[in-house]
Amino acid sequence: MNLKIVVSNGFIIDRKFMRSLSEIETTSKRASKASGFSWGVSEEVGKSIRLLEMFNFQGIKNLNEYFREKLNKKFERPNLINKSNTPKEFSYCPISLGVNFLDQIYNIEKIKIVNFSNIAYPLLFLPFLSKSSEVIGKKIHFKFDNHEFLMNINVNIASNLLNKSCPNIAKNAEVIFIENNDNFHEQDWKSLYQLSEQTFVEETESLKKGAAGAGLTDND
Amino acid sequence: MEVELRDPNIIMKLSRLGSFHQSKLSFLRSFLDEFKDWDYNRDSFNLDNGGYGTAVYSFKKKEKIYSLVCFANKIDNNDRSDRVIATKWDAAFTLHDGAPTENDIKRLKNEVPKQEVGRLSYKELTLSRANKSVRVFDHVVESLSNGNQPDLNLLEKVGYLYRTTAVYGSGKFGLADRFRIKNRQEINGPFRLEMMLVYLVRQFTFDQVNHVAKCKNPKKAVSLDLKICKNLGIGNSTGLGMAPFIVNHPTLLHNWILSRETALKKIREIKKVNSKNCDLFKKCVKESLKILTSWNTESEFQAKKINSLVINVKRFLRFIDNDFDFTSEYPFNQIYLWLEKQTCEETIEYIVSMMMEPFDDIVKPLRKNMSSDEEKYFRIPTERTVLELKNILELKYPDILKINFENKENFKNFWFISKNKEEPRYADRFEENGSELEQPLAIARDIKRLYDRLIIAKESSTIDKFLLENSELRHVIRRAFIIEKFQYAEIQDNTISKNVIPIDMLRLKLSFFGALKFDPRSDKWLRICMFQGAPLPHELKNCSQQWVYN
């Protein structure tokens, strides 16, 4: 179905084609400023929504719903993030929480597992976790209720929530920093390595004598 | 001998940036260099007797095709306006990725003439529109249809048959996002697709004027002489829409300026210059006088600059002809020092541009450094300290920190986005409404605000903690850390002061485009000419590198 949108100067736009990511970023940034965030934070929001939409999450929908709710409802802005974080009165604003999380990432990383209560529109928190994952070079696992997200160095986000609506509140959420360990068994590695060795050629003695470093003592 | 790069605190002042001229680094010249080996073709040309209809032009190499799709429309003379608020144009264009199908043309015919309120797809790369210079177009049609060539004096005064009023790219109105195409080697340089669009539009204007003349008088009409075509470009009316771009793309701006500065530094460091290169340089300066003497403007401001430029270039020519020895050591360094001592900003930058002409080996490798991925530098290094940030501001913004923002004259203006066209505008905050919706383009003022907060903050505190209390300054904190690494990324001037001349910002960008004959129509918009003197498509393969001055 083609939507028809009447814009401010009276023209009618047929919405047949997708919005570009550039349009998504610019509009999200401006809307964030209009919703009361500073320009610097709004820039972060623009890039975040762009990332969500690029990864096929419902960024525009969640941001729009959050800003509408924000008109009549208060949300809390956290300050320093600790091991366990509970808002005093209202839910956490996912944007302020996200920006602060990203800003404090080197300190938060040391905590290993961080718990949050009541994050409003948790989907909007994801891009900041994703960017944080890139900054520290570690995967970040985010989960609440039965929903899980794996932030992979800001290259992609794996989730069991793809193409589904995200709840507008995360009552109890957990952020886990995953250390850079192998994701496979040593036996599987050895087996694969042995197979790869079949591309090598055995060197003869004469070839060994002419190789780099040959003929010198390592103590000279 | 090592020559220092020029000081950003001098080069990045608006008066200096507004004195820049086209050079071998300019994007329209690098575009022609890149595409000279591509096959050009006019794929279709379906215009009626009045010159209205559809045409398609393309550049092709192996499997890659870029196609300009043109829609020429009949409009009432009263509807013709170069202002961005216009809604009808003589012609509208899009650059399509590949060869457009019939369905594409049908779709585009419905969208492209609507411009900002149309919707394009990821298959389209750039979008533009243009209006005829009615006086010139009608005269050319009349002359050709009677079997005569047009009046060269009139053509020289105007310089084009059509002028574009905006060229859009990078995701606007649904166009392809830059990331979709950024890995294509042939369009690696900045604005290369925009340059391609304008170049092909130029050819369309010649074909259209010939077609209309022929239809008017099939028996008698002649085609526009190819030499005359070559001396015509495409005009462009440019307003403030362009100005925020250079503020919003700091690392890109740095890369443009650094390339220019690096070229100058390396040329000044050449100990011995061979006679062939000296002669080429002198030839370019001499021949460029033709451009200067045919540079028409009604702007008193620009006319004064041109007069002074002509006088100084003639003085410079006398100097190098009579009093200068090109066989001496470091001749271009001596020339540069003479220019600094004896001439003005406009002349210095004019000759600097021309110094690059003989040195392809220095200039061409720099072209590939002129793009940037701003995203890479977006993160604020929040682990750093207040003291470090304060030091950056003191080192990188010395003059800006001296500005007194208590003085009304220093924050008289503000930048905003207009509601009707979503375009940047500039207004007096004490006379117009809307300053509460100011765009974050008052960098000097906000840097000063940041500095004032930093000097009372705990020096050892980290930026993440400073940001908790100073979120409204986040955008300039980000900038300051960018400027630390990219010395030419910031305009070292106050862009909201009473005395600012916004067209200086436009001219900076347009000089990198390769525009000629800047003609300010006010302090907020100007007309220029692009591709004047450029080889025609059939001449591209064997064209002179110095076509600008021929």
(request) Could you list all residues from the range B:447-483 that are more than 26 Å from the chain's Cα centre (by Cα), assigned to a helix (DSSP H, G or I) and more than 9 Å from chain A (Cβ to nearest Cβ)? (result) B:ILE447, B:LYS448, B:ARG449, B:LEU450, B:TYR451, B:ASP452, B:ARG453, B:LEU454, B:PHE466, B:GLU469, B:PHE481
(request) Select from the range A:50-65 the residues that are in contact with a helix residue (DSSP H, G or I) (Cβ under 7 Å, 6 or more places away or on another chain), among the hydrophobic types (A, V, I, L, M, F, W, C) and within 14 Å of chain B (Cβ to nearest Cβ) and write down the one among them that is least open to solvent (accessible area, probe 1.4 Å). (result) A:LEU51
(message) Could you tell me how many of the residues in the range B:406-429 are over 20 Å from B:ILE501 (Cα atoms) and either in contact with a Leu (Cβ under 9 Å, 6 or more places away or on another chain) or more than 14 Å from chain A (Cβ to nearest Cβ) (or both)?
(response) 1
(message) Looking at the range B:324-339, can you tell me whether even one residue there is in a helix (DSSP H, G or I), farther than 30 Å from B:ILE477 by Cβ and of a type in the set (Ser, Thr, Tyr)?
(response) yes
(request) Check B:THR164 against each of (1) open to solvent by 10 Å² or more (accessible area, probe 1.4 Å); (2) out of contact with any helix residue (DSSP H, G or I) (no Cβ under 6 Å at 6 or more places or on another chain); (3) not small (Gly, Ala, Ser); (4) not in a helix (DSSP H, G or I) and name the one condition it does not meet. (result) (1)
(message) Going residue by residue through the range B:282-292, is there one that turns out to be open to solvent by 30 Å² or more (accessible area, probe 1.4 Å) and within 14 Å of chain A (Cβ to nearest Cβ)?
(response) no
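Please go through the range A:129-146 and give me each residue that is among the basic types (Lys, Arg), open to solvent by 40 Å² or more (accessible area, probe 1.4 Å) and in contact with a strand residue (DSSP E or B) (Cβ under 8 Å, 6 or more places away or on another chain), ordered by number.
Result: A:LYS139, A:LYS143.
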(message) I'd like the residue in the range A:18-39 that is among the hydrophobic types (A, V, I, L, M, F, W, C) and either in contact (Cβ under 8 Å) with a residue 40 or more places away in the chain or farther than 23 Å from B:SER121 by Cα (or both) and, out of all such residues, is farthest from the other protein chains (Cβ to nearest Cβ).
(response) A:ALA31
(message) Please go through the range B:90-145 and give me each residue that is open to solvent by less than 30 Å² (accessible area, probe 1.4 Å) and among the polar types (S, T, N, Q), ordered by number.
(response) B:THR94, B:GLN115, B:SER121, B:THR126, B:SER128, B:ASN131, B:SER133, B:SER143, B:SER145
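Each row is one residue, and each column tells you yes or no for (1) out of contact with any His (no Cβ under 7 Å at 6 or more places or on another chain); (2) assigned to a loop (DSSP other than H, G, I, E, B); (3) at pLDDT below 95.
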site	(1), (2), (3)
B:PHE206	yes, no, no
B:VAL212	yes, no, no
B:CYS215	yes, no, no
B:LYS220	yes, yes, no
B:SER223	yes, yes, no
B:ALA243	yes, no, yes
B:LYS272	yes, yes, no
(message) Please go through (1) open to solvent by 10 Å² or more (accessible area, probe 1.4 Å); (2) outside any loop (DSSP other than H, G, I, E, B); (3) in contact with an Asp or Glu (Cβ under 6 Å, 6 or more places away or on another chain) for B:SER58 and return the number of the only condition it doesn't satisfy.
(response) (1)
(request) Evaluate the following for B:VAL201: is it part of a helix (DSSP H, G or I), in contact with a Cys (Cβ under 8 Å, 6 or more places away or on another chain) and over 29 Å from B:TYR488 (Cα atoms)? (result) yes
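Within the bounds of the range B:295-305, is there any residue that is under 25 Å from B:LEU506 (Cβ atoms), assigned to a loop (DSSP other than H, G, I, E, B) and hydroxyl-bearing (Ser, Thr, Tyr)? Quick ask: steps written out before the conclusion?
Narrowing the range B:295-305 to residues under 25 Å from B:LEU506 (Cβ atoms): B:295-305.
Then keep just the ones that are assigned to a loop (DSSP other than H, G, I, E, B); that gives B:295-299.
Remaining after also requiring hydroxyl-bearing (Ser, Thr, Tyr): B:297, B:299.
Yes.
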(message) Anything in the range A:66-81 that is within 14 Å of chain B (Cβ to nearest Cβ) and not in a loop (DSSP other than H, G, I, E, B)? List them, or say none.
(response) A:GLU76
(request) Of all residues in the range B:378-415, count the ones that are in a helix (DSSP H, G or I), under 30 Å from the mean Cα position of the chain (by Cα) and more than 12 Å from B:ILE477 (Cα to Cα). (result) 7
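I'd like to verify a number: residues in the range B:430-446 that are in a helix (DSSP H, G or I) and within 12 Å of chain A (Cβ to nearest Cβ), how many?
To start, the set of residues in the range B:430-446 that are in a helix (DSSP H, G or I) comprises B:435-437, B:443-446.
Adding the requirement that they be within 12 Å of chain A (Cβ to nearest Cβ) leaves B:436-437, B:443, B:446.
Going through the range B:430-446 one residue at a time, the tally reaches 4.
Scanning for something of a type in the set (D, E, K, R) and in contact (Cβ under 8 Å) with a residue 40 or more places away in the chain, does the range B:143-155 turn up at least one residue? Steps first, please.
In the first step, residues of the range B:143-155 are kept if they are of a type in the set (D, E, K, R); the result is B:151.
Among the residues that remain, those that are also in contact (Cβ under 8 Å) with a residue 40 or more places away in the chain are: none.
No; the residues of the range B:143-155 include none that is of a type in the set (D, E, K, R) and in contact (Cβ under 8 Å) with a residue 40 or more places away in the chain.
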(request) Please give the number of the condition B:ILE403 fails out of (1) farther than 18 Å from B:GLU490 by Cα; (2) away from chain A (no Cβ under 14 Å); (3) surrounded by fewer than 21 Cβ atoms within 10 Å (Cβ to Cβ). (result) (1)
(request) Please work out which residue is least open to solvent (accessible area, probe 1.4 Å), limiting yourself to the range B:363-377 and to residues that are within 13 Å of another protein chain (Cβ to nearest Cβ) and in contact with a helix residue (DSSP H, G or I) (Cβ under 7 Å, 6 or more places away or on another chain). (result) B:GLU374
(request) Among the residues of the range B:76-117, write down those that are closer than 22 Å to B:MET195 by Cα, under 25 Å from the mean Cα position of the chain (by Cα) and not in a helix (DSSP H, G or I). (result) B:ASP82, B:ARG83, B:VAL84, B:TRP89, B:ASP90, B:ALA91, B:ALA92, B:PHE93, B:THR94, B:LEU95, B:HIS96, B:ASP97
(request) List every residue pair whose Cβ atoms lie under 7 Å apart, where the two residues are 6 or more positions apart in sequence or sit on different chains, the first residue falls within the range B:440-454 and is β-branched (Val, Ile, Thr), and the second residue, located anywhere, is open to solvent by 20 Å² or more (accessible area, probe 1.4 Å). (result) B:ILE443/B:ARG479
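Could you tell me which residue of the range B:170-193 is farthest from the other protein chains (Cβ to nearest Cβ), considering only residues that are open to solvent by less than 30 Å² (accessible area, probe 1.4 Å) and in a helix (DSSP H, G or I)? Let's see the steps before the verdict.
If we filter the range B:170-193 for residues that are open to solvent by less than 30 Å² (accessible area, probe 1.4 Å), which is where we start, we get B:171, B:174-177, B:181, B:186-187, B:189-190, B:192-193.
Now narrow it down to the ones that are in a helix (DSSP H, G or I): B:174, B:181, B:186-187, B:192-193.
Numbers: B:GLY174: 5, B:ILE181: 12, B:GLU186: 21, B:ILE187: 16, B:ARG192: 17, B:LEU193: 14 Å.
Filtering first and then ranking leaves B:GLU186.
The values are calculated or read from the model by the stated rules, or taken from the named source; none is laboratory data. A quick note: this is a predicted structure, and the numbers were derived from the prediction, not measured. When we count neighbours, we look across all protein chains shown, and the Cβ atoms used for this are built from the backbone with ideal geometry, even at glycine. Side chains are part of the model used for accessible areas, which takes the heavy atoms of the whole protein and leaves out ligands, DNA and RNA. Shrake-Rupley method; radii C 1.70, N 1.55, O 1.52, S 1.80 Å.
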